[in-house]
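K.L.:
Before anything else, here's the structure in question.
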Amino acid sequence: MRIHVFARNVTLSPSVSEFIERRLAFALGRFTSRVMAVVVRLHDFNGPRGGIDQECRIEASMVPSARKTAHGKGSSVEAAICQAVERIARAVRRDLARRRTLRIRPVRRAGQPVLA
């Protein structure tokens, strides 16, 4: 799983990039065979004025050709990252569960009785 981090109006220190990698590895670790790449975009809307203006958008590219996105907002970069990581993990988990149930579902042919 490749992780790309882009920041606009946010200082991207090594500790923040390590925090992002750690949180993503924990949240998406069991899906590493299905998630090819993750793009993280950090944005600060108000600059030094403060407030709930830090945003984190995460886009996960999954096998085969699916893309899931999630975003989080907070008063700090870490809070926004945590919220976005939780949401992307939930979206990936839900998508993979949906694919599994579609694959396992038995095929009914026309004229065949429904077994309950």
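K.L.:
Can you spot a residue in segment 28-47 that is modelled with pLDDT under 90, touching a strand residue (DSSP E or B) at 6+ places or on another chain (Cβ under 8 Å) and crowded, with 17+ Cβ neighbours inside 10 Å?
P.N.:
Yes.
K.L.:
Could you tell me which numbered condition Ser65 fails, if it satisfies all but one of (1) crowded, with 18+ Cβ neighbours inside 10 Å; (2) more than 18 Å from Ser17 (Cα to Cα)?
P.N.:
Going through the list (1) crowded, with 18+ Cβ neighbours inside 10 Å; (2) more than 18 Å from Ser17 (Cα to Cα), Ser65 breaks only (1).
K.L.:
Also, I was wondering about something else. For segment 1-27, name all the residues that are out of contact with any strand residue (DSSP E or B) (no Cβ under 6 Å at 6 or more places or on another chain) and of a type in the set (Phe, Trp, Tyr).
P.N.:
Selection gives Phe19, Phe26.
K.L.:
If I go through segment 1-41 residue by residue, how many of them are small (Gly, Ala, Ser) and under 15 Å from the mean Cα position of the chain (by Cα)? Quick ask: steps written out before the conclusion?
P.N.:
Taking segment 1-41 and keeping what is small (Gly, Ala, Ser), we get 7, 13, 15, 17, 25, 27, 29, 33, 37.
From what's left, under 15 Å from the mean Cα position of the chain (by Cα): 25, 27, 29, 33, 37.
Looking only at that region, the number is 5.
K.L.:
Determine if segment 3-21 includes at least one residue that is within 15 Å of Arg93 (Cα to Cα) and without any contact (Cβ under 8 Å) to a residue 60 or more places away in the chain. Spell out how you get there, then give the answer.
P.N.:
Looking only at segment 3-21, we keep the residues that are within 15 Å of Arg93 (Cα to Cα), and these are none.
No: segment 3-21 contains no residue that is within 15 Å of Arg93 (Cα to Cα) and without any contact (Cβ under 8 Å) to a residue 60 or more places away in the chain.
The values are calculated or read from the model by the stated rules, or taken from the named source; none is laboratory data. Keep in mind the model is a prediction, meaning the values are calculated, not measured. Quick reminder, even Gly has a Cβ in these numbers, built from the backbone with ideal geometry, and neighbours come from all protein chains shown.
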